[in-house]
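The values are calculated or read from the model by the stated rules, or taken from the named source; none is laboratory data. This structure is a prediction, so every number in the text was calculated from the model and none was measured. Counting neighbours? That spans all protein chains shown, and the Cβs are built from the backbone with ideal geometry, glycine included. Calculation scope for accessible area: heavy atoms of the full protein, side chains included, ligands and nucleic acids excluded. Shrake-Rupley method; radii C 1.70, N 1.55, O 1.52, S 1.80 Å.
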Amino acid sequence: MNFEEAIKKLRAEKNAVILAHYYQTGDIQDIADFVGDSLALSQEASSINADIILFAGVKFMAETAKILSPNKKVLLPDLEAGCSLADSCKADDFEKFLTENPDRTVVTYVNTTAEIKALSDIICTSSNAIQIVESLPPDEKIIFAPDRNLGNFVVNKTGRDIIVWNGACHVHEEFSLEAILELRKANPDAKVIVHPECELPIRMIADFIGSTSALLQYSKTDSSDKYIVATEVGIIHQMKKANPNKVFIPVPPKDSTCGCSECNFMKLITLEKIYKCLDTETPEIKLDSDIIEKARKPIIRMLEISKKYGF
Ligand code: SF4
């Protein structure tokens, strides 16, 4: 079966849209109505005009779409598509942590479950974490969760009073510093571009640090011809499309047998699963209305701040 054609037909019949994250495989990115990072996908999900949103990404992203469009049917082709970072912050543990550290504004990265969002004051993404924190009054005490590397990056950039939750993404924590140094030696003309979820030693040798969309944008505007890329390998599809004459070298993980530079959760989604999901309209994301209401407020607050300050 030609899944691309079958998906296009079903999508039109059912008035559905397909949102895909940059970490999906190239064939999925190419068939999507909209491709973006977490911030762009949240913005898109909040204003979408369709009966069905099919999310080619991981569960917390589909949940965010459901929270922003509660009256729409939101589908995720594989419910096992989770996230090690979201898993590193469980609601019971986080509630206890908030009780132990009271009177702080809770800034939470979008890579969390709906329950964690419901416990938060404001959501951020890696595209806007610094600006969201800087939009708060200078003396405001903050909790940042769940990514310790992004959290420490924000602390270093803003100098704010922030307690950081100790969570991490297994993909971004596994990049090998030694491999980057070797690649740089072999490619002295290449720039090292790094996601802020990477560990400090990797960030310290970066020529540029930014969210997935910021790295893509940098590859378009920077004058170099070659880049060593330390984030999930899926983004290289868009980088090559935007810069056909440039070279992009993915950084391997520390343990070359683990294949961690690919997010195994993201790669659970396939064209065949998208087709079956659109055909049967399952699996569907269902959330408690109380959680939707509570989780919606901090996401809307982020979107409003982003709009106000233009980021
Ligand atoms: S790359 Fe990391 S943060 Fe992103 S979905 Fe995969 S496990 Fe989660």
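Exactly one condition in (1) surrounded by 24 or more Cβ atoms within 10 Å (Cβ to Cβ); (2) part of a helix (DSSP H, G or I); (3) not acidic (D, E) is false for Q43; which is it?
(1)
Matching residues to (1) within 16 Å of the ligand (Cβ to nearest atom); (2) surrounded by fewer than 18 Cβ atoms within 10 Å (Cβ to Cβ); (3) not acidic (D, E):
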position	(1), (2), (3)
A230	yes, no, yes
H237	yes, no, yes
M266	yes, no, yes
K273	no, no, yes
D279	no, yes, no
E284	no, yes, no
I300	no, yes, yes
G310	no, yes, yes
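In segment 23-53, which residues are in contact with an Asp or Glu (Cβ under 6 Å, 6 or more places away or on another chain) and either within 15 Å of the ligand (Cβ to nearest atom) or β-branched (V, I, T) (or both)?
Residues satisfying the conditions are Y23, I31.
Tell me, which residue of segment 85-101 that is within 11 Å of the ligand (Cβ to nearest atom) and not hydroxyl-bearing (S, T, Y) is surrounded by the fewest Cβ atoms within 10 Å (Cβ to Cβ)?
For segment 85-101, the residue satisfying everything is D87.
For segment 18-38, enumerate the residues that are surrounded by 20 or more Cβ atoms within 10 Å (Cβ to Cβ) and assigned to a strand (DSSP E or B).
Those that are surrounded by 20 or more Cβ atoms within 10 Å (Cβ to Cβ) and assigned to a strand (DSSP E or B): I18, L19, A20, H21, V35, G36.
From A56, A62, which residue is within 16 Å of the ligand (Cβ to nearest atom) and touching a Leu at 6+ places or on another chain (Cβ under 6 Å)?
A62 is the lone residue from the list that is within 16 Å of the ligand (Cβ to nearest atom) and touching a Leu at 6+ places or on another chain (Cβ under 6 Å).
Just one of (1) open to solvent by 10 Å² or more (accessible area, probe 1.4 Å); (2) farther than 27 Å from L287 by Cα trips up L150, so point out which.
Condition not satisfied by L150: (1).
Considering (1) in contact with a strand residue (DSSP E or B) (Cβ under 9 Å, 6 or more places away or on another chain); (2) open to solvent by 50 Å² or more (accessible area, probe 1.4 Å), say which one P188 fails and leave the rest.
All conditions are met except number (1).
Looking at K157 and the list (1) of a type outside the set (S, T, Y); (2) over 26 Å from I122 (Cβ atoms); (3) open to solvent by 40 Å² or more (accessible area, probe 1.4 Å), which single condition is not satisfied?
The number of the failed condition is (2).
Is there a residue in segment 131-147 that is within 16 Å of the ligand (Cβ to nearest atom) and either open to solvent by 20 Å² or more (accessible area, probe 1.4 Å) or at pLDDT below 95 (or both)?
Checking segment 131-147: not a single residue is within 16 Å of the ligand (Cβ to nearest atom) and either open to solvent by 20 Å² or more (accessible area, probe 1.4 Å) or at pLDDT below 95 (or both).
Are any of the residues in segment 289-305 out of contact with any strand residue (DSSP E or B) (no Cβ under 7 Å at 6 or more places or on another chain), in a loop (DSSP other than H, G, I, E, B) and of a type in the set (G, A, S)?
no
Considering (1) free of Cβ contacts under 8 Å to residues at least 24 places away in the same chain; (2) closer than 22 Å to G36 by Cα; (3) of a type in the set (K, R), say which one K117 fails and leave the rest.
Unmet condition: (1).
Would you check if there is a residue in segment 121-128 being farther than 22 Å from G36 by Cβ, touching a strand residue (DSSP E or B) at 6+ places or on another chain (Cβ under 7 Å) and either open to solvent by less than 40 Å² (accessible area, probe 1.4 Å) or not acidic (D, E) (or both)?
no
Quick check on I209: is it touching a residue at least 40 places away in the same chain (Cβ under 8 Å), of a type in the set (A, V, I, L, M, F, W, C) and open to solvent by 20 Å² or more (accessible area, probe 1.4 Å)?
Taking the combined requirement at face value, the residue satisfies it.
Please verify whether F208 is closer than 29 Å to I7 by Cβ and aromatic (F, W, Y), treating the condition exactly as stated.
no
Which one of V171, V106, V192 is modelled with pLDDT under 95 and among the hydrophobic types (A, V, I, L, M, F, W, C)?
Sole residue among the options that is modelled with pLDDT under 95 and among the hydrophobic types (A, V, I, L, M, F, W, C): V171.
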